[in-house]
1. Condition first: open to solvent by less than 50 Å² (accessible area, probe 1.4 Å) and of a type in the set (Gly, Ala, Ser). Now tell me which residues in the stretch 107-123 satisfy that.
2. When only residues in the stretch 221-259 that are of a type in the set (D, E, K, R), open to solvent by 60 Å² or more (accessible area, probe 1.4 Å) and under 30 Å from Leu203 (Cβ atoms) count, which is modelled with the lowest pLDDT?
3. Residue under question is Thr200, and the condition is that it be open to solvent by 60 Å² or more (accessible area, probe 1.4 Å), polar (S, T, N, Q) and closer than 23 Å to Ile93 by Cα; does it hold?
4. Please work out if Leu108 is assigned to a loop (DSSP other than H, G, I, E, B), out of contact with any Ser or Thr (no Cβ under 7 Å at 6 or more places or on another chain) and hydrophobic (A, V, I, L, M, F, W, C).
5. What is the number of the single condition among (1) of a type outside the set (Gly, Ala, Ser); (2) open to solvent by 50 Å² or more (accessible area, probe 1.4 Å); (3) within 20 Å of Asp251 (Cβ to Cβ) that Gln183 does not meet?
6. Given the structure, is Thr162 under 22 Å from Glu109 (Cα atoms) and at pLDDT 90 or above?
7. Condition (residue is surrounded by 20 or more Cβ atoms within 10 Å (Cβ to Cβ), outside any loop (DSSP other than H, G, I, E, B) and under 18 Å from the mean Cα position of the chain (by Cα)) applied to the stretch 203-212: is it met by at least one residue?
8. Across the stretch 43-55, what is the total count of residues that are surrounded by fewer than 12 Cβ atoms within 10 Å (Cβ to Cβ) and modelled with pLDDT of 90 or more?
Amino acid sequence: MSDSINNRIKYIPLSQIKPNHEQPRKYFDPEAMDSLTRSIERYGVISPITVREIDDEEYELISGERRYRAAFSAGLTDIPCIVLDTDGSDCAILSLLENLQREDLSFLEIAESYKKLIRKKGLSSHDLSRRVGDTPYGVKERMELMKLDPLVRKYIRNFDLTERQARALLHIRDRKTQIDAVQEICENGLNESDTAQFVTEILKTGHSPSMHMNRMKDVKLLRNTITNAVNLIRESGVEAEFTETSHDWGDEFTITVKN
């Protein structure tokens, strides 16, 4: 650590630091927190947290909440800090930026932070995009994810679905259908491509997610059966190919056997 950074570090009692209620990170994996706590118990806090002074001997956390919480759990009394000279209006944005630079936030946490900053700080999507290094369209796209039902967002977090899968679910406007769909996606372990196809079929046919999932399972069974048959033909020394083409009216399977 360079001398210039060392000169800025100040050890502050944990009791004098209050959490940041606008902290963008909302979800803390228990196992990861236990691991961090054990590391801090053994080696201490290696990377300083960032705070701002709000009163004499009173500070507000800007970034580093995981280290802050783990230090408490590890029984530390003070923690290394970098004190920034900033007011409360920039605190939420600085906290978001620090987490974005560390790639510590999920896409849903980023979306929630964008929404709060625009609502509470009166920023436009254009202003926010300039301050966080995103595009105005990117900010709007992320904020659209907050239209997903809260229960749907919980499934997305718990089952670690991707942002592309979350965006696919946005196309389903009916709340119950959206919830039923995400349950089927999670329980059956659908990937991004399967999810996109699943949602498209729900919107096109109007069938319930469970009915369409049964159809997808039947098609998957048929695809596996054909693949196994083609492999057996190849093993016998005959050249064979299996291709699959998707159309508006359904999927087309073609088996080619060459003399």
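The values are calculated or read from the model by the stated rules, or taken from the named source; none is laboratory data. The structure displayed is predicted, hence computed values, not measured ones. Positions of Cβ are backbone-derived with ideal geometry, glycine not excepted, and every protein chain shown enters the neighbour counts. Just so you know, the surface numbers come from the protein's heavy atoms only, side chains and all, with ligands and any DNA or RNA stripped out. Shrake-Rupley method; radii C 1.70, N 1.55, O 1.52, S 1.80 Å.
1. Ala111, Ser113
2. Asp248
3. Numbers: open to solvent by 60 Å² or more (accessible area, probe 1.4 Å): yes; polar (S, T, N, Q): yes; closer than 23 Å to Ile93 by Cα: no.
Spelling it out, it is not the case that Thr200 is open to solvent by 60 Å² or more (accessible area, probe 1.4 Å), polar (S, T, N, Q) and closer than 23 Å to Ile93 by Cα.
4. no
5. Condition (3) is where Gln183 drops out.
6. Spelling it out, Thr162 is indeed under 22 Å from Glu109 (Cα atoms) and at pLDDT 90 or above.
7. Checked the stretch 203-212: no residue is surrounded by 20 or more Cβ atoms within 10 Å (Cβ to Cβ), outside any loop (DSSP other than H, G, I, E, B) and under 18 Å from the mean Cα position of the chain (by Cα).
8. Within the stretch 43-55, the first condition is being surrounded by fewer than 12 Cβ atoms within 10 Å (Cβ to Cβ), and the residues that meet it are 43, 46-47, 55.
Filter once more, keeping what is modelled with pLDDT of 90 or more: none.
Residues meeting the conditions: 0.
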